[in-house]
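Notes for the one structure printed next.
The values are calculated or read from the model by the stated rules, or taken from the named source; none is laboratory data. These figures come from a predicted structure and were not determined experimentally. Here the Cβ positions follow ideal geometry from the backbone for every residue, glycine too, while neighbour counts run over all protein chains shown. Note: areas computed on protein heavy atoms with side chains; ligands, DNA, RNA excluded. Shrake-Rupley method; radii C 1.70, N 1.55, O 1.52, S 1.80 Å.
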Amino acid sequence: MHLDPLAILTAFGLIFLAELPDKTMFASLAMGTRMRPLYVWFGTSSAFVVHVAIAVGAGSLIGLLPDWIVKLVSASLFAFGAFMLLRSGGDDDDDEAGSKTVTGFWPVWSTAFMAVFISEWGDLTQITTANLAASNGTWSTAIGSAAALMSVSALALLAGQFIAKRVPLKTVQRIGGLCMLGLAIWTLVEIFTG
């Protein structure tokens, strides 16, 4: 196993910049305002590691899944997240009860994992990772790409915590729900325009 520091930095830089404006970053931010950020980070990071492994190991697998199905499932997950956030953002009495339902490690981890795992199929960062692995080496690309994706998720979760501490929970939930709804609509539009 040969690790090339330049290839690691190249993969990190390209993937980090490509993931910053991505819908997954905004989904992480929204989940981080409602769920335990560290648990969300473990879930998103696990999904990113799986995607990096698939991308560097068998980039051609991406092409086996119809793009419209991936986007439809992703839009459904975002819509469900929007529904959950908007539904729980309406009552002041539900703030404590609502937050207790999503604090366990496994429920938060699985929610974050599935949201990222499904929505990242065929994403620009996965395709870029597959292309980099072909030219810059598998392990170097895998390390750089995974580190970049996990870093963006951590930044989004830190931003979510910063916002959650300064803005009332009900407002954060409504804004997060509207963001998730926007991501669902955006993903549906991609089905018909892509």
Original post:
If R0 is 30 Å, what FRET efficiency do you get for residue 185 and residue 9 from their C-beta distance, rounded to 0.05?
Top reply: 0.25
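Which FRET efficiency, nearest 0.05, do residue 171 and residue 131 yield, Cβ-Cβ r, R0 35 Å?
Numbers: r = 41 Å, r/R0 = 1.18.
After rounding, the FRET efficiency stands at 0.25.
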Original post:
Using a basic spin-label model with each label point 7 Å from the Cα along Cα→Cβ, how many nm lie between residue 155 and residue 73?
Top reply: 2.8
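On the accessible surface of the stretch 101-194, probed at 1.4 Å, how many percent belong to carbon and sulfur atoms? All intermediate terms of the calculation are to be shown ahead of the outcome.
Numbers: 3400 of 4640 Å².
In the stretch 101-194, the share of accessible area belonging to carbon and sulfur is 73 percent.
What does the charge count near residue 160 come to, summing +1 for each Lys or Arg and -1 for each Asp or Glu among other residues with Cβ under 13 Å from its Cβ? Numbers along the way, then the final one.
Numbers: positive: 34, 36, 165, 166; negative: none.
Taking every other residue near residue 160 into account, the sum is +4.
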**OP:** Just subtract the alpha-carbon distance of residue 2 and residue 80 from 0.36 nm times their residue separation and send over the number in nm, one decimal.
**Re:** 23.8 nm
Original post:
Considering only protein heavy atoms, what is the solvent-accessible area of residue 34 at a probe of 1.4 Å, reported in Å² to the nearest 10?
Top reply: 40
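Show 180, 84 ordered by accessible area, largest first, where the area counts protein heavy atoms only and the probe is 1.4 Å.
On the way: 180 15, 84 70 Å².
Highest to lowest solvent-accessible surface, that is 84, 180.
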Original post:
Carbon and sulfur: what percent of the stretch 1-48's accessible surface (1.4 Å probe)?
Top reply: 76
Subject >> the stretch 103-194: translational diffusion in µm²/s, Stokes-Einstein, Kirkwood Rh over Cα pairs, 20 °C, 1.002 mPa s >> reply: 136
